[in-house]
């Protein structure tokens, strides 16, 4: 019962973070602020969902290595792709705030 | 209870994907569209993870891993195209 409550809260938290990230992507005014919103939300949103999956699979007695691999891969690649995007835009445009 | 939470979260992620498609269509610059595509692939990973937990199918996690890899490679290639004008060479 307790495990189910913890997993449900983590799932809802992850879904809410994903939704907030996409709302930020639509509503924020500038490219660099728009870059900020989904990068954070992707890490926390997918992280919450993966944590819920790990809790569930630990309760079922299995290890859940696939979820862990997905989370590890995303945590490594999300900052790299955000950095590449900001570098590509800074090359072509004036820096933010000008 | 967990299945209800999973369904609510699936709805949230689906709404997030719809909002991302709005930015993908509207986005004023090319970089906005690349960012929207990247976010769309991450949202698809979240959707597949939730569906895999709801349906108890191990195959969906492998699909999520594949989308993670292709999403990162495509974002890196598009950024390189934006920076240099070509991808390889």
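The values are calculated or read from the model by the stated rules, or taken from the named source; none is laboratory data. Everything numeric here is computed off the predicted structure, so don't read it as measured data. Note that each Cβ is placed from the backbone with ideal geometry, even for glycine, and that neighbours are counted across all protein chains shown.
Which one of A:41, A:59 is at pLDDT below 85 and farther than 27 Å from residue A:1 by Cα? It would help to see each step written out before you state the result.
Details: A:59 fails: farther than 27 Å from residue A:1 by Cα.
Just one listed residue meets the conditions, A:41.
Filter the helices (runs of 4 or more DSSP H) completely within chain B down to those with at least 3 residues that are closer than 17 Å to residue A:27 by Cα and in contact (Cβ under 8 Å) with a residue 12 or more places away in the chain.
Numbers: elements: B:2-26, B:30-55, B:59-84.
Qualifying helices (runs of 4 or more DSSP H): B:2-26, B:30-55.
Report whether or not residue A:42 is more than 14 Å from the chain's Cα centre (by Cα), within 7 Å of chain B (Cβ to nearest Cβ) and surrounded by 20 or more Cβ atoms within 10 Å (Cβ to Cβ). Show your work before the answer.
Working: more than 14 Å from the chain's Cα centre (by Cα): no; within 7 Å of chain B (Cβ to nearest Cβ): yes; surrounded by 20 or more Cβ atoms within 10 Å (Cβ to Cβ): yes.
Criteria not met by residue A:42.
Every residue, every condition in (1) facing chain B (nearest Cβ under 10 Å); (2) crowded, with 19+ Cβ neighbours inside 10 Å; (3) at negative phi; (4) not in a helix (DSSP H, G or I), yes or no:
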| residue | (1), (2), (3), (4) |
| --- | --- |
| A:11 | yes, yes, yes, no |
| A:15 | yes, yes, yes, no |
| A:75 | no, no, yes, no |
| A:83 | yes, no, yes, no |
| A:89 | yes, yes, yes, no |
task: Could you list, in sequence order, all residues of the stretch A:45-61 that are surrounded by fewer than 24 Cβ atoms within 10 Å (Cβ to Cβ) and within 24 Å of residue A:85 (Cα to Cα)?
output: A:47
message: Conditions first: (1) more than 11 Å from the chain's Cα centre (by Cα); (2) under 21 Å from residue B:18 (Cα atoms). Residue A:59 passes all but one, so which condition is the exception?
response: (2)
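Report yes if residue A:3 is more than 7 Å from chain B (Cβ to nearest Cβ) and surrounded by fewer than 19 Cβ atoms within 10 Å (Cβ to Cβ), otherwise no. Break it down stepwise before answering.
Details: more than 7 Å from chain B (Cβ to nearest Cβ): yes; surrounded by fewer than 19 Cβ atoms within 10 Å (Cβ to Cβ): yes.
Criteria met by residue A:3.
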statement: Screening B:6, B:24, B:47 for residues that are more than 7 Å from chain A (Cβ to nearest Cβ), within 18 Å of residue A:18 (Cα to Cα) and surrounded by 19 or more Cβ atoms within 10 Å (Cβ to Cβ) leaves only B:47
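Conditions (1) under 14 Å from residue B:42 (Cα atoms); (2) surrounded by fewer than 19 Cβ atoms within 10 Å (Cβ to Cβ); (3) over 20 Å from the mean Cα position of the chain (by Cα), marked per residue:
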{"position": "A:20", "(1), (2), (3)": "yes, yes, no"}
{"position": "A:28", "(1), (2), (3)": "no, yes, no"}
{"position": "A:33", "(1), (2), (3)": "no, yes, no"}
{"position": "A:38", "(1), (2), (3)": "yes, no, no"}
{"position": "A:71", "(1), (2), (3)": "yes, no, no"}
